[in-house]
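Below: the structure, in structure tokens.
The values are calculated or read from the model by the stated rules, or taken from the named source; none is laboratory data. Fair warning: this is a prediction, and the values are worked out from it, not measured in the lab. Using ideal geometry, Cβ is built from the backbone for each residue, glycine included, and neighbour counts are taken over all protein chains shown. The protein model used for the area step is the full one, side chains on, heavy atoms only, and it has no ligands, DNA or RNA in it. Shrake-Rupley method; radii C 1.70, N 1.55, O 1.52, S 1.80 Å.
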Amino acid sequence: MKFVDFRSDTVTRPTAAMRRAMAEAEVGDDVYGEDPTVNRLEERAAVVFGKEAALFVPTGTMGNTIGLKIHTEHGQEIVCEARAHILNYELSMAAWFAGCLVRPIESPMGILEWSQIREQIRPVGPHAAPTGLIEIENTHNMAGGTCYPQNTIDEICAGAHAMGLPVHMDGARIFNAAHATGSTVARITRDVDTVMFCLSKALGAPAGSMLVGSRRLIDKGRLYRKRLGGGMRQAGVLAAAGLIALEQMPARLGEDHENAKWLASEMATIKGIAVESEPQTNIVFFDVTATGLTAPEFSERLQERGVLMNANNARRVRFLTHYDVDRAACVTALAAVRDTAQR
Ligand code: TLP
């Protein structure tokens, strides 16, 4: 059976242009700093984000792991939203590598306000662990691809910096945020100290993420990348695809957002399906409880109809749009969801 795959935007396969660039990539040993394609990708990422330097890492998880580590000391706290990827989907790496405790704050749309964060910053004293870092996720995956308003980011950064605290952004899908808010990634991240973004999600590269920030922090991060086993040698074959992801793919994200909106709005008319919120970008959650099925059962039945969407818990199913699922794939998915809900 041929499947249409809405499980994640991580499932995209490299485009023909990416495969060509990979085959032709000029390479060297990146641990010696001698891979010209990796160097070009790092320079371009820094320019695109308006920051001093960037570091190519194999995964978003490694980018966040290094990002958290370079700002903190063991025994500190990291403030983030309760459904943050760093807290729930990275095998407790904040504790494992940075030696920090995460202080989560619940927010229905995944977006934190400075006032909420301010309340969770622990006073220095003999009892509380000191806060070492503020982390925000943009777009917020588990809240359904929601975007931070610019003034909220600016307020968080201003408030944090006034207290001597750095801000790290998990911007795995920051280009989706830029597209949806009509902004640029440079403006969105102007005041954050570091940002991690993924080449391998909506931008379609086969692998790779970037950590971007000041030269001092990125130089420090490079050593942690090596410690974590992320010194990849002739990584230019991957960076070549990453360059295409960075330069060419952001322009087409509107198509994914339109497809997500279309599919979500059509699904909302199906009895038993409760779409959680109108999509801002390419991530949608829907509750299937009223169909009488659990989310894993619903997901399994979709699979029998050639459609892949994963259950996130007992009640909610997630789908993501990306360049490997066009409108025709959305039509197929809609029919499968309708059929499954109505049986
Ligand atoms: N997200 C994956 C899964 O891990 C859930 C997905 O399918 O959405 N930050 C955010 C916001 C992410 O969504 C992800 C991956 C990461 C970091 C980690 O990136 P990778 O998978 O490259 O380590």
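Round to a whole number: what % of the accessible area of the chain belongs to carbon and sulfur, probe 1.4 Å? Working shown, then result.
Numbers: 7310 of 14230 Å².
Carbon and sulfur: 51 percent of the exposed surface of the chain.
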Inset, instruction - Could you list the residues of segment 313-339 with an amide nitrogen less than 14 Å from a label point located 7 Å from the Cα of Thr294 in the Cα-to-C-beta direction? - result: 313-317
Legend entry - From phi via Karplus (6.51, -1.76, 1.60), per-residue ³J(HN,Hα) for segment 96-108 in Hz, x at Gly/Pro: 5, 9, 8, x, 10, 9, 9, 10, x, 10, 7, 8, x
Legend entry - Amide hydrogen neighbours beyond the local backbone of Ser8, cut-off 5 Å, H modeled: Leu320
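I'd like the projected area of segment 104-161, averaged over all directions, using the convex hull of its alpha carbons. Report it in nm² with one decimal.
Averaged projected area of segment 104-161's Cα convex hull equals 4.2 nm².
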Inset, instruction - Determine ³J(HN,Hα), in whole Hz, for all residues of segment 283-290 in sequence, where each value follows from phi through the Karplus function 6.51 cos²θ - 1.76 cosθ + 1.60 and θ = phi - 60°; x replaces Gly and Pro. - result: 10, 9, 10, 9, 9, 10, 3, 5
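What is segment 177-280 by shape, rounded, prolate or oblate, if you read a ≥ b ≥ c off the alpha carbon gyration tensor as root eigenvalues and call it rounded for a/c under 1.5, prolate for a/b larger than b/c, and oblate otherwise? Please list the in-between numbers first.
Numbers: a/c = 2.36, a/b = 2.01, b/c = 1.17.
Because a/c hits 1.5 or more and a/b exceeds b/c, segment 177-280 counts as prolate.
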Inset, instruction - Please arrange Tyr323, Tyr148 by accessible surface area, largest first, computed with a 1.4 Å probe and ligands excluded. - result: Tyr323, Tyr148
Inset, instruction - For Cys100, enumerate residues with amide H under 5 Å from its amide H, sequence gap 5+ or separate chain, H modeled in the peptide plane. - result: Gly75, Ala95
Inset, instruction - Quick one, could you list the DSSP H helices from the chain stretching 15 Å or more along their long axis (Cα atoms) with average Kyte-Doolittle hydropathy of -0.5 or above? - result: 36-49, 60-71, 150-162, 236-248, 327-342
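Obtain the radius of gyration and the Kirkwood radius of the chain from its C-alpha atoms and give Rg over Rh.
Details: Rg = 20.3 Å, Rh = 20.6 Å.
In the chain, Rg relative to Rh is 0.98.
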Inset, instruction - Enter the mean projected area of the convex hull around the alpha-carbon atoms of segment 1-81, in nm², rounded to one decimal. - result: 9.4 nm²
Legend entry - Dimensionless Rg over Rh [segment 252-342; C-alpha; Kirkwood]: 0.93
Legend entry - segment 5-144 - Debye-derived log10 I(q)/I(0), Cα point model, q = 0.14, 0.15 Å⁻¹: -0.85, -0.93
Inset, instruction - State the antiparallel share, in %, of DSSP beta bridges confined to the chain, rounding to the nearest 5. - result: 55 percent
Inset, instruction - Give me the Debye-computed log₁₀ of I(q)/I(0) at q = 0.16, 0.17, 0.20 Å⁻¹ for segment 192-343, equal point scatterers on Cα only, no solvent, two decimals. - result: -0.90, -0.95, -1.12
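Gain in length, Ala268 to Glu43, computed as 0.36 nm per residue apart minus the alpha-carbon separation, to one decimal in nm?
On the way: separation 225, 0.36 × 225 = 81.00 nm, distance 4.38 nm.
The Ala268-Glu43 span can extend by a further 76.6 nm.
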Inset, instruction - Note down the accessible area of Lys201, probe 1.4 Å, to the nearest 10 Å². - result: 40 Å²
Inset, instruction - Show which lysines lie in cross-link reach of Lys51 when reach means a straight Cα distance below 18 angstrom and same-chain residues fewer than eight apart are skipped. - result: Lys220
